[in-house]
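The values are calculated or read from the model by the stated rules, or taken from the named source; none is laboratory data. Please read these numbers as outputs of a predicted model, since none were measured by experiment. Note that each Cβ is placed from the backbone with ideal geometry, even for glycine, and that neighbours are counted across all protein chains shown.
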Amino acid sequence: MTQQTPPAWNRPTIASEQLSVWVVTDGAAGNERQASALADAMHLTSTKLRAHLRPPWSWLAPRVTTGARHALPAAIRNQIAPPWPALAIGCGRQAALLTRMLREYSGGKIFTVQILDPRIDPKHFDLVIAPHHDQLAGSNVISCLGALNPVDDAWLAHAAAEFSTLQQLPQPRTALLVGGPHRELALDTEWLDGLVARLQHLLARDRGSLMIALSRRTPPAWATRLRDTFRAGCVHFWGSAHDGTNPYAGYLAHADRIVVTPDSVNMLSEACASGKPVFSYLPQAARGKLAAFHAALRVQSRLCELGDAAISTLLPIPPLRETAAVADKVWRHYRARQSSPNPDPGR
């Protein structure tokens, strides 16, 4: 386990700091970011548990709890014991198994919160937080539009100061946030060609600069194409630790507009939370839940097609910031639960 306190810029002195929370994930960056963002918004000191499950539990999670202790590495298994934290916040399907186990093992003493559809009845957790596109409902379900994240004015101000050298790049500054292939999208070579062509047109028309951030999921071929294509321009590029400290937060803070590949709910949500105009390139409609998410952003004018309009013609849109409101709802449920005698962990 690794312990983490809320960032200094987001840590008031309140009674909640005396409580603790276990942040439970499979180690995936996007899942850990959501769970940690909620813990920080609640101003709780968090300890991270990364549940790397063994088969067959990894295949069946979170449905099968029989013998599930053996699904965990010995180091984590030994940590699953009193003293229990006040809350456990899990994110992702595999983490949902451990979140569910913690509720049972603690006899209901741990208030369990699961982010994203756990693919089992929400009754196995005290609360489930799921985006609208998961189409999950229940008395203990909190719905939101996008992914939980830490982006707010204080976070952006901190990032702007930490990466202040980005101010030297000429405006307009365009941030390009790059994910990777997705089963509900056709992101092939033709799609990448189209993205590159539109970015080149944007830079030729408006000048300015380009800030490119890759993710762990970005294929090497995409990275090479982007680096080679924009090498000669006014570009700030980050692809891995070899390029220095990840400036992703600084990009969000200093960008005048943000282009996001359409595969990442997390990056789209964080871009929309920045308050900057957000664009994506999606020549063919996505399928499934991702299509529903894109549609919801477009209906609220939070997401524009790359090349549709100049930045000067866009109307200001309030930033998409849901984490603080979700944290407030979690607190209300938690306090109501604390006032209820004899909690039943199996309800």
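Condition check ((1) surrounded by fewer than 21 Cβ atoms within 10 Å (Cβ to Cβ); (2) within 16 Å of the chain's Cα centre (by Cα)) across all residues:
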| residue | (1), (2) |
| --- | --- |
| 94 | no, no |
| 102 | no, no |
| 106 | yes, no |
| 110 | no, no |
| 120 | yes, no |
| 126 | no, no |
| 145 | yes, yes |
| 154 | yes, no |
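Report yes if residue 87 is closer than 27 Å to residue 299 by Cβ and either surrounded by 18 or more Cβ atoms within 10 Å (Cβ to Cβ) or not acidic (Asp, Glu) (or both), otherwise no.
Working: closer than 27 Å to residue 299 by Cβ: no; either surrounded by 18 or more Cβ atoms within 10 Å (Cβ to Cβ) or not acidic (Asp, Glu) (or both): yes.
Answer is no for this residue.
Which condition from (1) at positive phi; (2) modelled with pLDDT of 95 or more is the one that residue 273 breaks?
Result: residue 273 passes all but (1).
When only residues in region 234-265 that are more than 22 Å from the chain's Cα centre (by Cα) and assigned to a strand (DSSP E or B) count, which is farthest from residue 34 (Cα to Cα)?
Out of the qualifying residues, it is 235.
Just to be sure I understand the filter: pairs with C-beta atoms under 6 Å, separated by 6 or more residues or on different chains, first member in region 184-209 and touching a residue at least 60 places away in the same chain (Cβ under 8 Å), second member among the basic types (Lys, Arg). Which pairs pass?
Close Cβ pairs (under 6 Å, with a partner that is among the basic types (Lys, Arg)) amount to 184/287.
Name the residues in region 25-69 that are surrounded by 23 or more Cβ atoms within 10 Å (Cβ to Cβ) and polar (S, T, N, Q), would you?
Scanning region 25-69 gives 25, 31, 34, 46.
Could you check residue 90 against (1) assigned to a helix (DSSP H, G or I); (2) closer than 18 Å to residue 148 by Cβ and say which number it fails?
Result: residue 90 passes all but (1).
Any idea which residue in region 43-57 is modelled with the highest pLDDT, counting only those that are touching an Asp or Glu at 6+ places or on another chain (Cβ under 9 Å) and hydroxyl-bearing (Ser, Thr, Tyr)? Working first, answer last.
To start, the set of residues in region 43-57 that are touching an Asp or Glu at 6+ places or on another chain (Cβ under 9 Å) comprises 43-46, 48, 50-53.
Filter once more, keeping what is hydroxyl-bearing (Ser, Thr, Tyr): 45-46.
Values: 45: 89, 46: 92.
Restricting to residues being touching an Asp or Glu at 6+ places or on another chain (Cβ under 9 Å) and hydroxyl-bearing (Ser, Thr, Tyr), the top hit is 46.
State all residues of region 19-76 that are free of Cβ contacts under 8 Å to residues at least 12 places away in the same chain and among the acidic types (Asp, Glu); if no residue qualifies, say none.
Correct list: empty.
For (1) at positive phi; (2) at pLDDT 95 or above; (3) not assigned by TED's automatic domain parsing to the domain that holds residue 282, each residue gets a yes or a no:
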site	(1), (2), (3)
188	no, no, no
195	no, yes, no
207	yes, no, no
210	no, yes, no
217	no, no, no
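Only one of (1) within 20 Å of the chain's Cα centre (by Cα); (2) basic (Lys, Arg); (3) over 23 Å from residue 181 (Cβ atoms) is not met by residue 231, so which one is it?
(1)
What residue, among those in region 311-323 that are of a type outside the set (S, T, N, Q) and surrounded by fewer than 13 Cβ atoms within 10 Å (Cβ to Cβ), is modelled with the highest pLDDT?
Just the residues of region 311-323 that are of a type outside the set (S, T, N, Q), to begin with: 311, 314-322.
Remaining after also requiring surrounded by fewer than 13 Cβ atoms within 10 Å (Cβ to Cβ): 315-316, 318.
Values: 315: 70, 316: 79, 318: 92.
Looking at residues that are of a type outside the set (S, T, N, Q) and surrounded by fewer than 13 Cβ atoms within 10 Å (Cβ to Cβ), I get 318.
Within region 171-208, work out how many residues are within 26 Å of the chain's Cα centre (by Cα) and among the small types (Gly, Ala, Ser).
Qualifying residue count for the region: 4.
When both residues are 6+ apart or on different chains and their Cβ atoms are under 8 Å apart, which pairs have a first residue that lies in region 267-292 and is surrounded by 23 or more Cβ atoms within 10 Å (Cβ to Cβ) and acidic (Asp, Glu), and a second that is in a helix (DSSP H, G or I) and at pLDDT 95 or above?
Close Cβ pairs (under 8 Å, with a partner that is in a helix (DSSP H, G or I) and at pLDDT 95 or above) amount to 270/252.
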